[in-house]
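Below is one structure, written out as structure tokens, with a few remarks after it.
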Amino acid sequence: MTLDVPNIKDIDQRLRDEANEPLDEIPVTEPTKKTQIIAIYGKGGIGKSFTLANLSNMMAEQGKRVLLIGCDPKSDTTSLLFGGKACPTIIETSTKKKLAGEEVAIGDVCFKRNGVFAMELGGPEVGRGCGGRGIIHGFELLEKLGFHDWDFDYVLLDFLGDVVCGGFGLPIARDMAQKVILVGSNDLQSLYVANNVCSAVEYFRKLGGNVGVAGLVINKDDGTGEAQAFAKAVDIPVLAAIPQDEDLRRKSANYQIVGTNDGPWGELFGALAEAVAGAPPIRPKPLDNDGLLGLFAPEDVGADFELTPATDTDMRGKNAKPKKSLEVVYDDV
């Protein structure tokens, strides 16, 4: 019995066509004042939202005007900042307003707390569109709302680093940000994502881009040192090492802000805010796969495992039959 494989070419052709469309042009003009636009990348679940919510709150306490924009289709960036409350996304609000024949206003999508302004771009419904194109559409709407006329010291963009399509690489590809900050931990997958982002930065630098990597924030640092070794290998600084701590875990789970001078973690996030502000954009030196695996003990990442090639007989299983040889055998004359 052979495998019954369904034909999905017709089903997913529309999505493939959408993903292959060229990126829309987004006008980029000089802001009315010098604003640091910083794109933060990291593996899903690594703690970008935790880091950014507390970093933005600390920056505001230091007297800075901060805009936090969630660019992850999960729309979880602002949840911690707003005590677990999900704010309406730009894309879903735009859709509803368009159907009602109305225009989107700032108050529909941007909210504030403790001096931090925040919004979520959002994304398409699950399985119904390209997340990267959703990001592009969101930035088009920001342009219409007057993005480059806004008065902020810092604009922090929270991007999912696992996805490497053009939409998520927008700030790097089009110089929309001055620098990139990576969030990682002492595990292979998060550093794999961080290394991919370094590769993207290096690629666009070769094409004449100006975006660089400001550094790495190590979250849930257990002291094993792999993330520090990665930062040294790719030649970027460690901006902060946030420890793996039960108090931090519990407060984050309860949507409590710890990046404040009123708490025990204020000094750590205060130093991070200063490091983020002053760190220059550096051209990283991304690692190849062997170099990345070399940061870990071989037994931890399977680097000492040898690949065993499969055969056609293996694949056919009980359906395997001897193949007739095409070799021509000549009788002795």
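Observations on the structure shown:
- Only residues that are part of a loop (DSSP other than H, G, I, E, B) and open to solvent by less than 10 Å² (accessible area, probe 1.4 Å) were counted in the stretch 37-75, giving 2.
- Within the stretch 301-312, considering residues that are open to solvent by less than 100 Å² (accessible area, probe 1.4 Å) and modelled with pLDDT of 90 or more, the one farthest from the chain's Cα centre (by Cα): THR311
- All strands (runs of 3 or more DSSP E) inside the stretch 141-243 with 1 or more residues being in contact with an Asp or Glu (Cβ under 7 Å, 6 or more places away or on another chain): 154-160, 238-243
- Test result for ASP162, modelled with pLDDT under 85, farther than 26 Å from LYS98 by Cβ, open to solvent by 10 Å² or more (accessible area, probe 1.4 Å) and out of contact with any Pro (no Cβ under 7 Å at 6 or more places or on another chain): yes
- Test: LEU23 is at pLDDT below 85, open to solvent by 10 Å² or more (accessible area, probe 1.4 Å) and touching a Gly at 6+ places or on another chain (Cβ under 9 Å): yes
- TYR154 modelled with pLDDT of 85 or more and within 26 Å of LYS34 (Cα to Cα): yes
- Residues satisfying the stated conditions in the stretch 115-138, i.e. in contact with a strand residue (DSSP E or B) (Cβ under 9 Å, 6 or more places away or on another chain) and either under 15 Å from PRO73 (Cβ atoms) or modelled with pLDDT under 85 (or both): MET119, GLU120, LEU121, GLY122, GLY131, ILE135, GLY138
- For the stretch 261-278, the set of residues classified as outside any helix (DSSP H, G or I) and either modelled with pLDDT of 95 or more or open to solvent by 60 Å² or more (accessible area, probe 1.4 Å) (or both) consists of ASN261, ASP262, PRO264, TRP265, listed by residue number.
- Complete set of residues in the stretch 98-113 that are part of a strand (DSSP E or B) and under 17 Å from PHE147 (Cβ atoms): PHE111, LYS112
- Of the numbered criteria (1) buried (at least 16 other Cβ atoms within 10 Å of the Cβ); (2) of a type outside the set (S, T, N, Q); (3) in a loop (DSSP other than H, G, I, E, B), the one LEU292 fails is (3).
- For the stretch 231-244, the tally of residues that are open to solvent by less than 40 Å² (accessible area, probe 1.4 Å) and closer than 26 Å to ALA53 by Cβ stands at 5.
- Residue list for the stretch 306-325, restricted to those being of a type in the set (Val, Ile, Thr) and part of a loop (DSSP other than H, G, I, E, B): THR308, THR311
Matching residues to (1) among the basic types (Lys, Arg); (2) within 20 Å of ALA273 (Cβ to Cβ); (3) surrounded by fewer than 22 Cβ atoms within 10 Å (Cβ to Cβ); (4) in contact with a Pro (Cβ under 7 Å, 6 or more places away or on another chain):
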site	(1), (2), (3), (4)
GLY184	no, yes, no, no
LEU188	no, no, yes, no
GLU202	no, no, yes, yes
GLY209	no, no, yes, no
ALA214	no, yes, no, yes
ASP221	no, yes, yes, yes
ALA229	no, no, yes, no
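- Evaluating GLY84 against the criteria (1) open to solvent by less than 30 Å² (accessible area, probe 1.4 Å); (2) part of a loop (DSSP other than H, G, I, E, B); (3) out of contact with any Asp or Glu (no Cβ under 7 Å at 6 or more places or on another chain) leaves one unmet condition, (1).
- Residues of the stretch 219-233 that turn out to be touching a residue at least 60 places away in the same chain (Cβ under 8 Å) and touching a Leu at 6+ places or on another chain (Cβ under 7 Å), as a count: 4
The values are calculated or read from the model by the stated rules, or taken from the named source; none is laboratory data. Just so it is clear, the model here is predicted, and its values are computed rather than measured. Please note: Cβ atoms are built from the backbone with ideal geometry, for glycine as well, and neighbour counts cover all protein chains shown. Remember, those area values only see protein heavy atoms, side chains included, never the ligands or the DNA or RNA. Shrake-Rupley method; radii C 1.70, N 1.55, O 1.52, S 1.80 Å.
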